[in-house]
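Trainee: My structure is below; once you've seen it, I'll send some questions.
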Amino acid sequence: MTSHTLNELIAEGVRGRYILVRSDLNVPLDGSTVTDDGRIKASLPVISKLSDAGARVLVTAHLGRPKGNPDPKYSLKPAADRLAELAPFKVSLAEDTVGESAKSQAAALADGDVLVLENVRFDARETSKDQAERGAFADELVALTGSNGAYVDDAFGAVHRKHASVYDVANRLPSYQGDLVHTEVEVLQKLTKEPQRPYVVVLGGSKVSDKLAVINNLIGKADTILVGGGMLFTFLAAAGHKVASSLLEEDQITVVQEYLKRAADAGTQFVIPTDVVVASRFAADADHQTVSADAIEESSFGTSGIGLDIGPDSAATFAGHIKAAKTVFWNGPMGVFEFPAFAAGTRAVAQALTETEAFTVVGGGDSAAAVRTLGFDDGQFGHISTGGGASLEYLEGKELPGLSVLDR
Ligand code: ADP
Ligand code: MG
């Protein structure tokens, strides 16, 4: 698998050429205010490199999940405005994606200027399952680049999507990996090829069946899998314990039992919490107590108790495994960290990640948000992945259309 890189494109020369860049500008908004500009800042270096080298840069990106029609609520304007504030180059925003505004503004660009095309998901063809529909849309995006264009994919968070701006344009233009995509692929290769051992994987969060698919591929590869978050209750149930009203995917219990059996033969150790913080209800101010993981229904909340965090003994055990590791991949908070009373497990795992000598990777949108909310700094981790779903699918061993299309 080799792909051409942004540096190769710049070495070829981009002055005066139209370069279509797929960026990840999918930032959280409060009305029209960007509440976390992390993805804009992360996208800036690639756009800057191209602008500095004299390219006329067309940025395409999505924001939220509009229904295939222009919807002012999902306009890229707040993101483009923030980009313009951060950037030393000229940034404008087209009122449409491939329409008259995009065409005339693209034609008016000077070398080094940047034009952000309006939300690519304002056009239903972007995400169409029909290859011809997507292709027609890709043709219109490509037409904006004239006769000597090129494509740079810098949106790692979208590489698992077979979308027009991710996949089909790359089939139509000379294509290159942006720096973000390049770094992500290097890191994920490190995890999947020859990770330094012990290789410890910490999994939590709420999307249980998604995470179970990753576990399937990690059995035999990871030395230890620490199980927290909502998923732990399916593991406890698989071991025959009652979990009261905690998150439980009953239809996955047999899957988990099969994993536990297979792991024992494959040399992968599962570590399941021994204590759990149980709450009276799902609320920030709920009554709560720590109980043994095999006695959840014996808390004072009986069968209505909900497990919302791993307990302190489990957190200490997890931290010990993390500190003894050489490679750690973490996806999914250990508990409902959004409520301070149930954030201790997640904080303990994050803290251990900052203290271990291991190469540490944090994947997943909420996990990355958790480390920031809890006051940790990005620089304290080896790598924080920008694409949760994409990194998980990579670890699952799936082929990612947006990456394979860049191979040659
Ligand atoms: P990521 O985005 O990092 O992949 P997920 O989206 O799978 O993670 O899950 C994140 C969510 O999981 C958080 O909002 C957190 O509140 C929730 N969560 C963690 N533990 C529990 C639990 N025990 N019960 C319910 N929700 C949980
Ligand atoms: Mg999430």
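Trainee: Where in segment 1-33 are there trypsin sites (Lys or Arg not before Pro) that are in a DSSP coil and have at most 13 other Cβ atoms within 10 angstrom of their Cβ? Before the final figure, lay out the partial values.
Mentor: Details: sites: ARG15, ARG17, ARG22; in loops: ARG15, ARG17.
Answer in residue order: ARG15.
Trainee: What does the charge count near PHE122 come to, summing +1 for each Lys or Arg and -1 for each Asp or Glu among other residues with Cβ under 9 Å from its Cβ?
Mentor: Numbers: positive: ARG121; negative: ASP71, ASP96, GLU118, ASP123, GLU126.
Combined, the nearby Lys, Arg, Asp and Glu give -4.
Trainee: For segment 79-94, in order, what is each residue's ³J(HN,Hα) by Karplus, 6.51 cos²θ - 1.76 cosθ + 1.60 with θ = phi - 60°, in whole Hz (x at glycine and Pro)?
Mentor: Rounded to whole hertz, the list is 5, 5, 4, 5, 4, 4, 5, 7, 8, x, 9, 7, 10, 10, 10, 6.
Trainee: Pairs of Cα atoms under 8 Å, at least six residues apart: use those to get the relative contact order of the chain, whole percent.
Mentor: Working: 889 pairs, mean separation 61.8, N = 408.
Value for the chain: 15 percent.
Trainee: Only four residue types carry charge here, +1 at the Cβ of Lys and Arg and -1 at the Cβ of Asp and Glu. Report the dipole size of the chain about the Cα centre in Debye, rounded to the nearest 20. Mind showing how you got there, number by number?
Mentor: Details: 37 positive and 54 negative charges, 131 e Å.
The calculated dipole for the chain is roughly 640 debye.
Trainee: Using Cα centres only, tell me the gap between segment 156-177 and segment 379-403 in whole Å.
Mentor: First find each Cα centre; the distance between them is then 16 Å.
Trainee: Hand me the chymotrypsin sites (Phe, Trp or Tyr not before Pro) from segment 252-293 located in a DSSP loop with no more than 16 other Cβ atoms within 10 Å, in residue order please. Kindly include the intermediate steps, with their values, before the conclusion.
Mentor: On the way: sites: TYR259, PHE270, PHE282; in loops: PHE282.
Those satisfying the criteria are PHE282.
Trainee: Taking the Cβ of GLU297 as the centre, find all other residues whose Cβ is under 15 Å away and add up their charges (Lys, Arg: +1; Asp, Glu: -1). Walk me through the numbers on the way to the answer.
Mentor: Numbers: positive: LYS242; negative: ASP275, ASP294, GLU298.
With Lys, Arg at +1 and Asp, Glu at -1, the net is -2.
Trainee: To the nearest 500 deg cm²/dmol, what mean residue ellipticity at 222 nm is calculated for the chain from DSSP H runs of n ≥ 4 alone, each contributing -39,500 (n - 2.57), summed and divided by the residues?
Mentor: Details: 14 runs with 144 residues, N = 408.
Value at 222 nm, helices only: -10500 deg cm²/dmol.
Trainee: Taking the beta-carbon count within 10 Å as an exposure proxy, list LEU212, LEU86 from fewest neighbours to most. Walk me through the numbers on the way to the answer.
Mentor: Working: LEU212 18, LEU86 15.
Neighbour counts put them in this order, fewest first: LEU86, LEU212.
Trainee: Quick check of the Kirkwood formula: for the chain, what is the inverse mean of 1/r over all pairs of different Cα atoms, in Å?
Mentor: On the way: mean 1/r = 0.0444 Å⁻¹.
Evaluated on the chain, it is 22.5 Å.
Trainee: Let me ask another. In the chain, what percentage of the DSSP-assigned beta bridges are antiparallel, given to the nearest 5?
Mentor: Among the beta bridges of the chain, antiparallel pairing accounts for roughly 25 percent.
Trainee: Counting other Cβ atoms within 10 Å of each Cβ, which trypsin sites (Lys or Arg not before Pro) in segment 79-161 have at most 12 and sit in a DSSP loop?
Mentor: Numbers: sites: ARG82, LYS90, LYS103, ARG121, ARG125, LYS129, ARG134, ARG161; in loops: LYS90, LYS129, ARG161.
Here the trypsin sites (Lys or Arg not before Pro) that fit, given the DSSP loop and packing criteria, are LYS129.
Trainee: So what's the net charge close to ASP71: Lys and Arg +1, Asp and Glu -1, counting the other residues with Cβ under 11 Å from its Cβ?
Mentor: So the surrounding residues net to +3.
A short reminder: the numbers here are calculations on the coordinates, not readings from a lab. In this text the structure is predicted, and so the values were computed from the model without any measurement. Neighbour counts run over all protein chains shown; Cβ positions are idealised from the backbone, glycine included.
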